[in-house]
Structure formats: C-alpha cells, structure tokens
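Written below as structure tokens is the structure these notes are about.
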Amino acid sequence: MKLRAHRFKQNALEALANPVLQASMKKAKGKFVDKRAIAIKEIDDFEATREAAKEIRNRVIENLDLWLEKFEQAAAARGAHVLWAKDGAEICRLVVDIGRKHGVKKAVKSKSMLSEEAGLNLALEAAGIQPVETDLGEYILQINDNEPPSHIIAPVVHKSLDEVADLFQKTHHTPRKTDIPQLTREAREVLRQHFLSAEMGISGGNFLIAETGSVALVTNEGNGRMVTTLPRVHVVITGIEKVIPTLEDLATLMRLLPRSATGQSISNYVSVLTGTKAEGESDGPEHLYFILVDNGRAEVVGSEFQDMLRCIRCGACMNHCPVYQTIGGQAYGWVYPGPMGSVLTPLYTGLENAIDLPHAATLCNQCGVVCPVKIPLPDLLRKLREKQVERHLRPWFERLAFRLWAWVASRPALYGLGTRFAVRYLKWLADGKGSIPRLGLAPEWTRGRNFPTPEGRTFRELYAQRGRA
Amino acid sequence: MSSRDDILGRVRARLNRTPENAVTGRAAIEAALAMKAQGPRPAMPSQKSALVERLVEKSLGFSSTVERIGTYNDAPAAVARYLAGLDLPLRAVVWPQLAHLDWSGAGLTVEARGAVDRDPVGITGCFCAIAETGTLMLCGGPESPASVSLLPETHIALVPASRIVAGMEEGFALARAELGQLPRAINFVSGPSRTGDIEQTIVLGAHGPYRVHLVVVEND
Ligand code: SF4
C-alpha cells in the first residue's frame, strides 16, 4: 500500500467533509465499543488475563531470536518451508517465485496486513497471477480499484450500503440489490468459484506457535478455512513478532482477541494449522510456506518502543479513539490506522514520513485502557513527539514559535506583560460573550469549537492581588 | 548474506545476544515449553451434566441449534427429522468415521468422503467440544475431512457428551495425549459462518455453512 501518511492533515479535512464517510462512522461508533464492554464481563478476572497476555507477548520478544529459531525448527519438522523477508519487495519476490514454481494462475487471499504492507496484489498481477481477496470487506475494496482498507478488522466500515450495491452491480453485471443478505450471497457465489479454482491460498497469521510450528488463523466468515483447505499451495505471511510459545498461550490470548475486536466471546472459526496434507487426507495443501517478515520490526526490538511489538491486531484502540471515530482509517495514510497506526507507521516507515501521526491523538488514553496486551499507546506517542523535536522534524514555524515562547517565558517581566496584553485582547475580542467563535491568529483552533473567554486578568495578577489581601 | 541471517542477526544485536546468554535463553524456552503454564481461567463447572448445559446454552448464543439424544443409534433418525423439518435434502456427506451408522435405515442417502461444492449437507463428529464458548473442536484426517464441516450449507455435528471439556486447554491436552502430534488442521467452530462487513449488519453464511446443528449424544 502506498504511504500517504505525510498528507494526514489534508486527508483528515477531506474525511471531515465527506458526508457518506461521516454517516458510516456515526453508525459504526458504539457498536464495537458496547459489544466489547459486555463481552469482557464474561471473563472473571479480566485484568489478570490482560496481565497474563502481556507477559506471554513480552516473554517472546525478550528472546525473539531464540523463539523464531524454535518455531522454524518445529515448522520444518512438519514439512513446511520457512522463508524470511526483509521488506515488502522481498515478500512480493518470494510469493511470485512460489507461484511460478507451482504453476499458479490464481491466488485466493484471506486477510493479511503484511500483504498490504508489501503491495502484494499489484506484484502478483504484474507476474500474471490473479489475486482474489476473499474477506467480504477486502473483496469490496479490491473491486473498487484496490481502495485501501480503513480498519484492520472491518476494512469497509467507512462504506455505505448504497456504495456496495453500486459496486456489485457494476462488477458482477447483476441487477442492483440493496438487501444485505442478498449482497452477501452474491459475493459468496462469486468467491466460491475462486476458492475452488485457485491453486494457491495466501493468508496472514494471527499467531505462530513455537511449540508445534503451527499458525493460528482467526476469522468469522470461514474464508481463512477455505484458503487453507482447498488450494494445493498455502503461503502464510506474518511479522516476526507474531510468535507465541505454546497452545496454552493461544488459549489465553483467544480469551482476549475476539472480545477486544468484535465483542464476541470467540470468533466463529479458529484454526490451528500444522504442516501439509497427511497420507490419505482428501483436503489440505501439499505445500506449505511461512514467510517471516521484518519490514521494520527488528529495529523496534530492544528499543524504547518495544512494547508496541506486543500488539495482537485486535483494533480495539481504534474503535475507542475519538480521532479515529471522527476521521475514519484512511486518513492515517497507511495499513494501520488509529492509535496503533500512529505508532507503527512512523516506526516502520520512518518518522519523517509520518510527521503528523504522533499528533493525531488527544492522549485521552482510551486506547491504553482497552488494549488487551496493555500497550501504553499515549506514552509511545509522546515519545515519538519528543523524537521529532530532537531530530528537528517539526515544521519551521512550529520550531520558531516554540523558540520564541521559550525566549519570552524565561524573561518573567516580559512574560507578565505579554500575557496581560493577551488576556485583555481576548476579552475585548469576545465582546461580552462567553466564548470566541473565531480566533484570527489561529483559525484552526476554532474550526470545530469556540474558544472560552478569559476573565481579563492573568493568574499572576490575581495571585498578586489575593496574596496581598 | 541471506535475509534469514540478516534479520536474526539484527534481532540478536538488539537483544545483546552472546553465546552465554543464548544458553540461558534456550533453557528458559525449553522450560516454558515443558511447563505449558495456563493463564487465568474463567470458572467452569466440574460436573459433566453442567458442562453439557453450558455447551448447549453457548451454542444457542452462536445461532446454532441443538438436539439431545440417547445413543449413537438414535442419531440417523434425529438427523433425518431435523433435515425434513427444514425442508432440506435428505442427502449428505458424512465423515468416514461415522459411516457405520444406519443412515439409510432413517431414509438418508449418505456418502462417506470429503465434501465437494454442491453437497447440501455435511455430517461430522467432533474430536471434543468446549463448554466455555460452545465450540466444536474438529481434527482433520483421512477419517474426518475438514471440507465436510466447511463446504455444505448445512453442518450437523454429533457431539458425544463424554467428550465435552471445559476449555481449549483441555482440548489441546487431549490432542497431545491421544494423537501424539497435532493433525494438519484443528478447526474450532462456533456456530455458522458470518460477516458484519456491510454496515455492521450480521449476516449468516458468509462462506461456510448457513446453519450448524449439534446433536448431543448423552450415552455414547
Ligand atoms: S495496540 Fe492494543 S488495542 Fe490496538 S490493535 Fe494492538 S493489541 Fe489491539
């Protein structure tokens, strides 16, 4: 996926002015939030489970090299090929090579964020291999000219029923339908043919299990099962941080992942896949490949941002983020939106390419409160902001403004004079009303809200007065 | 340098890996794998009958339907009744494992094999079932093909009450004890396939079955 994070401000303004997107976001808001709130009550000790999950993920990352070796050994022992990719280009090269080797003409895909990171669909097309997205949401985006997803688990949360109806009519050449079950059936029938005819299935992996060399896949639609049961080649693409030690650890994490994501106590399908088709088995792939991807992750190991590698991609942080709820996911300009994206995008693609993202948060800590693996997202965003300042990455006018501020603030007399002037000016501007609808010098501040009128006296003046009395 | 060595090399450098701490690290890994520590668990009843009740209740919550029968011999008739009640074809693929039951005696035409696209009904057993979430644990194999619970629009599962366990942990322990190594595919199934992608409206039957019917066999 093309990085568009540097255009965050413009993207956000466009999102605010898009009535369809605004209506869709309003509809979705609350659904995920309310369902999660109910689902976590079923867990007797939710806090202890979160703590345990955090420990599982930390344990892996603290010895990541050794756990990866362990996983590789176990997977190879069951007949899988374990490959490694440094970046998106290498993912594309490896998958195309595998496709060519096995004479693949069509690849069915279950949602994989890494393949978005790599822009894999375009590379497959260029190599003459037809990629077909099979998650309903991802499929809708693919037939809309490879539109980027706006959420990691609900990729078309920003789209209206009418838009989907138009797209299906145009793509399938069928009469326009606006009944959601009928639309879903239409997609089912189209995609069924692809599942049955594809030679290769490509999936992400929610977890890699070191003990057994397995991948765990979580879906509701069952497309993950289709992609890994029917084609003769299966390629799993995951980040190197996705390893967990044991099946017991999977059980613990599965108490949190669906509850945090969709508010379900478990997803409809959880599959643990190990090795290739067994002797006498009528289904399952003959060839299994794991592609373990770095793409920026290795550099985060052992850094002050290491906590972020715990992420299990549940999406709760974005569901609960007031900024995400208002602008949707596409404004963030890369694969990962919301608070997790505001940390991941700068880390994986470079701080200088995502200059506004660490500021695209109110630091209200809703994200930190709901994160099932206790990632301190606001702290990480704050650290990224500090890094930007250290590396002089903020725009010149902002740096100049802070320099000026620092110069004035370290001169008490001048500071007193300045603030006295400012509050009186603002009071005069309010003209007796309780708030100021438009600040001439900083119009952005009052675009969506009024500025409260100051009393007309500074704190220092009032303190001096009362202190004497 | 291969990408493998490059990536692992950078991870090692960032973790300050040395030959000495690799030895302690590997020991810690082996200990964790041997211990298989469990996380906090929600309280579950220990009585078999209460586990059955919980499985039934949770399955209904996932839009499955449930019938409880006495023995395996009652299963073909129960399946035939269920299909007739919904006006569904009395024709099914069945796990080879279950081929010995008297399906034709109940008026059903069954074939014991993996499923193909147009098979209307798939009948499976289950390796075990998980009361905590109302989930079937299906282990793929020559006698229990994964496609039977996936391709047909209707999935019927025979669930022996004696194989209902508390949580996923017990399911995995059983797999280790009875199968040695994990089968190629373990599929946990909780109700029919579903999607909420279009305007968060839940629709059943996205790619997999539209309906899942559990037949709980009390005295297996
Ligand atoms: S940061 Fe936490 S809440 Fe956000 S997606 Fe990752 S695990 Fe979920």
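The values are calculated or read from the model by the stated rules, or taken from the named source; none is laboratory data. Everything numeric in this text was worked out from a predicted model, so none of it was measured. Heads up, the Cβs are rebuilt from the backbone with ideal geometry, glycines too, and the neighbour counts pull from every protein chain shown. Quick note on the areas: whole protein, heavy atoms, side chains included, nothing else; ligands and nucleic acids left out. Shrake-Rupley method; radii C 1.70, N 1.55, O 1.52, S 1.80 Å.
All but one of (1) more than 9 Å from chain B (Cβ to nearest Cβ); (2) buried (at least 24 other Cβ atoms within 10 Å of the Cβ); (3) not acidic (Asp, Glu) hold for A:Gln182; which doesn't? That leaves (2) as the condition not met.
Matching residues to (1) open to solvent by less than 10 Å² (accessible area, probe 1.4 Å); (2) free of Cβ contacts under 8 Å to residues at least 24 places away in the same chain; (3) assigned to a helix (DSSP H, G or I):
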| residue | (1), (2), (3) |
| --- | --- |
| B:Ala75 | yes, no, yes |
| B:Leu83 | yes, no, yes |
| B:Glu111 | no, yes, no |
| B:Asp119 | no, no, no |
| B:Gly122 | yes, no, no |
| B:Leu136 | yes, no, no |
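A:Glu51 meets each of the listed conditions (1) at the interface with another protein chain (Cβ under 9 Å from one of its Cβ atoms); (2) surrounded by 16 or more Cβ atoms within 10 Å (Cβ to Cβ) apart from (2).
Selection of first residues in region B:151-167 that are in contact (Cβ under 8 Å) with a residue 12 or more places away in the chain and of second residues that are hydroxyl-bearing (Ser, Thr, Tyr), restricted to Cβ pairs under 6 Å at least 6 apart or on distinct chains, gives the following pairs, ordered by first then second residue: B:Glu153/B:Tyr210; B:His155/B:Ser149; B:Ala157/B:Thr124. Residues that are more than 16 Å from the ligand (Cβ to nearest atom), within 33 Å of the chain's Cα centre (by Cα), farther than 24 Å from A:Asn319 by Cβ and more than 14 Å from chain B (Cβ to nearest Cβ) are absent from region A:406-422. Looking at B:Leu8, B:Leu33, just one residue is within 11 Å of chain A (Cβ to nearest Cβ), in contact with a helix residue (DSSP H, G or I) (Cβ under 7 Å, 6 or more places away or on another chain) and under 30 Å from A:Leu94 (Cβ atoms), and that residue is B:Leu8.
Scanning region A:302-349 for residues that are surrounded by fewer than 24 Cβ atoms within 10 Å (Cβ to Cβ), over 30 Å from A:Gly201 (Cβ atoms) and more than 13 Å from the ligand (Cβ to nearest atom) gives A:Gly302, A:Ser303, A:Glu304, A:Gln306, A:Pro322, A:Val323, A:Gln325, A:Thr326.
Taking the listed residues B:Glu143, B:Glu170, the one that is touching a strand residue (DSSP E or B) at 6+ places or on another chain (Cβ under 8 Å) and within 10 Å of chain A (Cβ to nearest Cβ) is B:Glu170, with no other qualifying.
When you scan region A:238-257, how many residues do you find that are of a type in the set (Gly, Ala, Ser) and either buried (at least 23 other Cβ atoms within 10 Å of the Cβ) or more than 7 Å from chain B (Cβ to nearest Cβ) (or both)? Final tally of qualifying residues: 1. Read through the list (1) in contact with a Pro (Cβ under 6 Å, 6 or more places away or on another chain); (2) open to solvent by less than 10 Å² (accessible area, probe 1.4 Å); (3) assigned to a loop (DSSP other than H, G, I, E, B); (4) not aliphatic (A, V, I, L, M), then give the number of the only condition that A:Ser260 fails. Tallying (1) in contact with a Pro (Cβ under 6 Å, 6 or more places away or on another chain); (2) open to solvent by less than 10 Å² (accessible area, probe 1.4 Å); (3) assigned to a loop (DSSP other than H, G, I, E, B); (4) not aliphatic (A, V, I, L, M), A:Ser260 fails exactly one: (3). Per the listing B:Ile198, B:Ile156, the residue uniquely in a loop (DSSP other than H, G, I, E, B) and open to solvent by less than 10 Å² (accessible area, probe 1.4 Å) is B:Ile198. Only a single criterion out of (1) open to solvent by less than 90 Å² (accessible area, probe 1.4 Å); (2) assigned to a loop (DSSP other than H, G, I, E, B) is not satisfied by A:Leu426, namely (2). In the set A:Ser260, A:Ser271, A:Ser265, only one residue is within 25 Å of the chain's Cα centre (by Cα), touching a residue at least 60 places away in the same chain (Cβ under 8 Å) and at the interface with another protein chain (Cβ under 7 Å from one of its Cβ atoms); that residue is A:Ser265. Scanning region A:363-380 for residues that are near the ligand (Cβ under 9 Å from one of its atoms) and in a helix (DSSP H, G or I) yields A:Cys367, A:Gly368, A:Val370, A:Leu377.
Taken over region B:168-196, residues that are free of Cβ contacts under 8 Å to residues at least 24 places away in the same chain and of a type in the set (S, T, N, Q) amount to 3.
Is it fair to say A:Ser265 is touching a Cys at 6+ places or on another chain (Cβ under 8 Å) and either assigned to a helix (DSSP H, G or I) or surrounded by fewer than 24 Cβ atoms within 10 Å (Cβ to Cβ) (or both)? It is false that A:Ser265 is touching a Cys at 6+ places or on another chain (Cβ under 8 Å) and either assigned to a helix (DSSP H, G or I) or surrounded by fewer than 24 Cβ atoms within 10 Å (Cβ to Cβ) (or both).
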